[in-house]
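The values are calculated or read from the model by the stated rules, or taken from the named source; none is laboratory data. None of the values given here were measured: they were computed from a predicted structure. Glycine also receives a Cβ, built like all others from the backbone with ideal geometry; neighbour counts cover every protein chain displayed.
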Amino acid sequence: MSDVIRAWSRIENWLHQHRCTSNLKALHPPASEEAIRSLQDTLPYPLHPHLVQWLQLHDGAMHACGIWPFRYSPINAEGMKGGPQLFAETFEDFRSEFTDDGLEPEGPEGPWDPPNAYEFWVPIAVTNTGEYLAVDHRSGNTYGTVREIDYEGTDVWGVIRWQNLGEMFDEIADGLESGAGVRGGGRTYRHIPRVIEVPPLSTVPHLYATPVVIDGDPVHRLEWRIEQ
C-alpha cells in the first residue's frame, strides 16, 4: 500500500468513526482511467505517482468539502488541465510588472526561478479566494513537493509546504487522530479539528456546484478552527 493510500485511509477512517457524513458525501468518486489519461495527454511530462494515486481514490470534491485544512477543496482531473498554463501566464504578467520598472524579481530558488518552472506545477486544490496547492513536477529536489501559491501573498512564487502528497495526508491524519491539528510548513498557527452539527446538504453529483440545505436531521461535519 502506498503512502498516499495508507494516509488517506486513516483520514477516511477518522471521518467514519466521527460520523462526518457531510464531508464524506462531498468527496467525488474515483477518476476514470479515461479522465486521468486525458489529463496526462495535456502535459509534456509524466504525472507524479502520488497524484495519480490520489485521483484513483477521489476525483476531487465539492467546494468547501472541509476535509483538507486551510480552506482548500480538492480539484478534479478536468480542472487540473489548465493549471500549469494559468500559473505560467499569471507569473509572466507579474514578472513583466517588475522588468518594466528595470527590476528582476527574486524567486525562492534564484532570480525569477527557472523561467518555465510554473509549467510543471499541477494544481490539486484551491480556496474560494484563489490560493492553490500544486504538485511540482520538475526533476530534482523539488520533484513531488506540494507548493502553496498565493497571488496576493508575500510569496507569490509559492512556498513548499510538504515534501510530497503522502506527507501532507499523513500530517492531516496525525492532526485528526491526536486532536492537535495541522500547522503546515512555516505557519505560525494551527488548524484544530472539531466536529459540529450542520443541516443536511444536497448538490448535483460530480459537479462543482454549491450545496443547498434540504430538510432532514442534522449531520456531523469536520471543521478546522484556527489557533495561534
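Things worth noting here:
- Candidates 63, 58, 50 - the one that is surrounded by 14 or more Cβ atoms within 10 Å (Cβ to Cβ), more than 22 Å from residue 157 (Cα to Cα), free of Cβ contacts under 8 Å to residues at least 60 places away in the same chain and under 18 Å from the mean Cα position of the chain (by Cα): 58
- Residue within the range 63-84 that is of a type in the set (Phe, Trp, Tyr), touching a helix residue (DSSP H, G or I) at 6+ places or on another chain (Cβ under 6 Å) and under 29 Å from residue 139 (Cα atoms) present: no
- Filter pass, residue 77 being over 30 Å from residue 197 (Cβ atoms), over 14 Å from the mean Cα position of the chain (by Cα), at pLDDT 95 or above and surrounded by 16 or more Cβ atoms within 10 Å (Cβ to Cβ): no
A quick yes/no check of all residues on (1) crowded, with 19+ Cβ neighbours inside 10 Å; (2) touching a Leu at 6+ places or on another chain (Cβ under 6 Å); (3) farther than 23 Å from residue 80 by Cα; (4) at pLDDT below 90:
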position: 150; (1), (2), (3), (4): no, no, no, yes
position: 165; (1), (2), (3), (4): yes, no, no, no
position: 172; (1), (2), (3), (4): yes, no, no, no
position: 175; (1), (2), (3), (4): yes, no, yes, no
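- Residue check, residue 12 at pLDDT 95 or above and under 21 Å from residue 165 (Cα atoms): yes
- Some residue of the range 205-212 being modelled with pLDDT of 65 or more and not in a strand (DSSP E or B): no
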